[in-house]
1. Taking the Cα centre of each part, how many Å lie between the stretch 9-38 and the stretch 141-173?
2. Each label point is 7 Å from the Cα along the Cα-to-Cβ direction; what then is the distance between the points at VAL59 and LYS155, in nm?
3. Who wins for biggest fluctuation among VAL143, VAL100, VAL168 in a Gaussian network model of the chain, springs between alpha carbons below 10 Å?
4. Starting from the amide H of LEU65, placed 1.01 Å from N in the peptide plane, find each other amide H under 5 Å away whose residue is 5 or more places distant or on another chain.
5. If you filter the stretch 44-115 for chymotrypsin sites (Phe, Trp or Tyr not before Pro), then keep DSSP loop positions with at most 16 other Cβ within 10 Å, what is left?
6. Could you derive backbone 3J(HN,Hα) for the stretch 93-103 from the dihedral phi with the Karplus parameters 6.51, -1.76 and 1.60 (θ = phi - 60°), listing whole Hz in sequence and x where the residue is Gly or Pro?
7. Using the Karplus curve 6.51 cos²θ - 1.76 cosθ + 1.60 with θ = phi - 60°, work out ³J(HN,Hα) for each residue of the stretch 117-125 in order, rounded to whole Hz, and write x for Gly and Pro.
8. Given 0.36 nm per residue, what is the gain on full extension from ALA25 to LYS80 after removing their alpha carbon distance, in nm?
Amino acid sequence: MIDDLQKRTADRMAKSIEALKLELAKIRTGRAHPSLLDHVTVSYYGNDVPLSQTANVTVEDARTLAVTPWERTMVQAIEKAIMSSGLGLNPSTAGTVIRVPMPPLTEERRRDLIKVVRHEAENSRVAIRNIRRDANTDLKNLVKDKQLSEDEERKGQELVQKLTDQYVKEVDGLLEQKEKDLLAI
């Protein structure tokens with residue numbers, strides 16, 4: 001009973017960590033990385049589809065991405081989608097290849113990005129604590145239904161707390177790494 005609850009809780013907390021990793025990948029550190037354009041959607045025959053389904057995104061050098069559309073007709077649409085993505089990028093087209101240079105980050109912009117990163121990390125910590133609260137509520141309900149003893153409930157709460165501490169520590173590690181990346185010139 002407790003093992004099942006612990007497994008469900010760990011799975012939910014792991015999903016919170018994955019969500020944080022996805023959010024952090026969207027925040028650029030000044031280096032070119034294909035995942036920067038993961039959330040960009042392109043109008044493709046009337047449907048909005050992810051950029052990765054209409055073009056190949058590669059790293060040309062440390063500060064440039066190369067986007068190669070699979071269809072020549074998509075060059076304009078992809079260029080427009082990158083410009084309107086809110087990432088502050090200005091793509092330039094050379095034939096069928098769209099080059100996306102990464103502008104260097106200013107000190108002020110780095111500080112703003114660190115605030116955003118800290119906010120995302122705090123959201124993940126809150127999500128993990130909410131999962132802990134749900135698990136503890138489930139334990140209390142099992143005691144109320146006389147499916148667990150109070151000693152087993154305490155043991156379960158300790159296990160849930162250990163999981164919470166482990167995943168919060170992982171969030172802190174991800175935050176620290178992203179801050180280092182943002183501050184590196």
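What follows is calculated from the coordinates using simple rules that are stated; it is not laboratory data. Keep in mind it's a predicted model, so treat the numbers as computed, not measured. Cβ coordinates were reconstructed from backbone atoms using ideal geometry, including for glycine residues, and neighbour counts include every protein chain displayed.
1. Taking the Cα centre of the stretch 141-173 as reference, the centre of the stretch 9-38 is 27 Å away.
2. Placing both labels 7 Å beyond Cα along the Cβ direction yields 4.8 nm.
3. So, out of VAL143, VAL100, VAL168, the one fluctuating most is VAL143.
4. Excluding prolines and chain starts, which carry no amide H, the hits are GLU60, VAL100, MET102.
5. TYR45, TRP70
6. Rounded to whole hertz, the list is 9, 10, x, 9, 9, 9, 9, 10, x, 8, x.
7. My calculation for the stretch 117-125 gives 4, 5, 5, 4, 5, 5, 4, 5, 4 Hz in order.
8. 17.6 nm
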